[in-house]
Amino acid sequence: MKRGLILATALPLLLAAGGDTPELVLPIACELGRSCAIQNYVDADPSPAARDWHCGGRTYDQHSGTDIRLQSMAQQRRGVAVLAAAAGTVLRVRDGVPDISVKAAGQQQAVEAIQCGNGLVIGHAGGLETQYCHMARGSIAVRPGQRVAAGTPLGKVGLSGNTEYPHLHITVRKDGAVIDPFAFGAKPGQCDGGRKLWAAGSGLAQGYQAGQLLNSGFATGPVTMAAVQESGADQQPSPSRDAPAIVAFVQSIGLHGGDLQRLTVTAPGGAVLADNRAAPLDRDKAQTILFAGKKRPAAGWSAGRYAAHYRVLRDGKAFIDQRFSVTVR
C-alpha cells in the first residue's frame, strides 16, 4: 500500500557536514530473530506484480518500506521504542491517530488518507530522509526542528494507520524518491544488487530472510492465530501434569507455496507424542500457524521435559530448524 506523507509544517532540511549517505542503525528496540522479525521488504517491481530486493515474494504491490514486526500485542503494550536510524533533524510529525486494527469495522475507510498513522520524518545528510509509521498515539517524544542522534528514542511502536498487527514501517528516501536500504543503487530488475545502507551492527546487514519463526510455545488446548497474535507464546499457562492436553504451536511468517512444515513433539525419554507433517502450502503465506499435540492420558502426564522440533523445507533444504521445550512438574 502507498504511505501518505505525514502532514505537518515542513521545516528546512539540516544536513551534516559532507554529502555522504549515512549508514542506518536498527530503528527499533528489539532483537531481530528473537523478539521481532522482518515481515515485508520494499516492492522493487514497478508493475502490478510484487518482488523484493532478492527477487523473492516478501513484499506486496507498491509497498514502500521495511516492516519490522513485533511478536504480539502484549509486547506492544509493554512498550517497544522506535529509534532514529541516523543523526538528523525532525522535519514533520503527526500524532493523535487511534491504535486500532485496520480489520476493525469501518477502520479501513477511516485510515484511507492517513495510512502511515502516527509517525514522523527525519532529514539526514546526503539528501536522505527516513519516515516512521504506525507509532502509538501519544508516544511521540520529538518535535519538528529537533536534532537527534542515531538511536535516539522517537516514540513507541503502535497500531495506528493501515495495519492489523504491531510493527514499525520505515521508508527511506533519497532526494525525495523511495529507495530500498537493502539494495541502494540496484539496477531495475537486478536481484541482490546495490549495497546495504544498514550498519554492520544493526542486524539488518546480514543475508536475506527467506521466512522466519515468529512465535513458538506450548499450550494446554486448541491454539488460534488470534490468540497468538494477542499474547504471543504467553497466551496460556505452562502445561502441568493434569493439563487437558499438551500442544506445541508455531507461528511463522514469509513462507512460500510448496514449503513443507513438520512439527514433532516428544515426551520425556524421547518417545514421539505427536508428529504433524503438514501438506505443502498451497500458496505464499504472510503468516501461518501449525500445532501438534495430544490429549491427557488417563494416568496424567509424566513429569519431565517435553520437546518440540519444527522444520520447514524449501526445495528440499531446511531453512527453518528450531527446537523448544517445556518442563512439566
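The values are calculated or read from the model by the stated rules, or taken from the named source; none is laboratory data. All of these numbers come straight from a predicted model, not from anything done at the bench. Glycine also receives a Cβ, built like all others from the backbone with ideal geometry; neighbour counts cover every protein chain displayed.
Observations on the model:
- Some residue of region 139-156 being assigned by TED's automatic domain parsing to the domain that holds Val93 and under 23 Å from Gln62 (Cβ atoms): no
- Of the strands (runs of 3 or more DSSP E) lying entirely inside region 232-323, those containing at least 1 residues that are of a type in the set (S, T, N, Q) span 245-255, 260-266, 272-277, 285-295.
- Across region 168-202, the qualifying residues are those that are within 17 Å of Ile68 (Cα to Cα) and of a type in the set (Phe, Trp, Tyr), and the one among them that is surrounded by the most Cβ atoms within 10 Å (Cβ to Cβ) is Phe182.
- Restricting region 122-135 to residues that are crowded, with 24+ Cβ neighbours inside 10 Å and of a type in the set (A, V, I, L, M) leaves a set whose member that is nearest to Pro166 (Cα to Cα) is Met135.
- Pick from region 309-329, criterion under 31 Å from the mean Cα position of the chain (by Cα) and over 21 Å from Gly254 (Cα atoms), ranking: surrounded by the most Cβ atoms within 10 Å (Cβ to Cβ): Val326
- Any hit, region 96-107, residues being touching a residue at least 24 places away in the same chain (Cβ under 8 Å), under 27 Å from Ala233 (Cα atoms) and part of a strand (DSSP E or B): yes
Residue-wise test of (1) farther than 19 Å from Gln71 by Cβ; (2) assigned by TED's automatic domain parsing to the domain that holds Phe218; (3) touching a Ser or Thr at 6+ places or on another chain (Cβ under 7 Å); (4) modelled with pLDDT of 95 or more.
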site: Ala248; (1), (2), (3), (4): no, yes, no, yes
site: Val265; (1), (2), (3), (4): yes, yes, no, yes
site: Val272; (1), (2), (3), (4): yes, yes, yes, yes
site: Asn276; (1), (2), (3), (4): yes, yes, no, yes
site: Ala286; (1), (2), (3), (4): no, yes, no, no
site: Arg296; (1), (2), (3), (4): yes, yes, no, yes
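- The set of residues in region 108-125 being outside any loop (DSSP other than H, G, I, E, B) and in contact (Cβ under 8 Å) with a residue 60 or more places away in the chain consists of Gly119, Leu120, Val121, Gly123, Ala125.
- Among the residues making up region 282-307, those that are under 24 Å from Ile38 (Cβ atoms), buried (at least 17 other Cβ atoms within 10 Å of the Cβ) and among the aliphatic types (A, V, I, L, M) are Ile289, Leu290.
Residue-wise test of (1) within 28 Å of Gly194 (Cβ to Cβ); (2) outside the structural domain of Ala183 (by TED's automatic domain parsing); (3) touching a Ser or Thr at 6+ places or on another chain (Cβ under 6 Å).
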| residue | (1), (2), (3) |
| --- | --- |
| Ile28 | yes, yes, no |
| Cys55 | yes, no, no |
| Gly65 | yes, no, yes |
| Val93 | no, no, no |
| Leu120 | yes, no, no |
| His124 | yes, no, no |
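- Within the span defined as region 213-220, one or more residues are in a loop (DSSP other than H, G, I, E, B), in the same structural domain as Gln251 (by TED's automatic domain parsing), on the phi < 0 side of the Ramachandran plot and in contact (Cβ under 8 Å) with a residue 24 or more places away in the chain.
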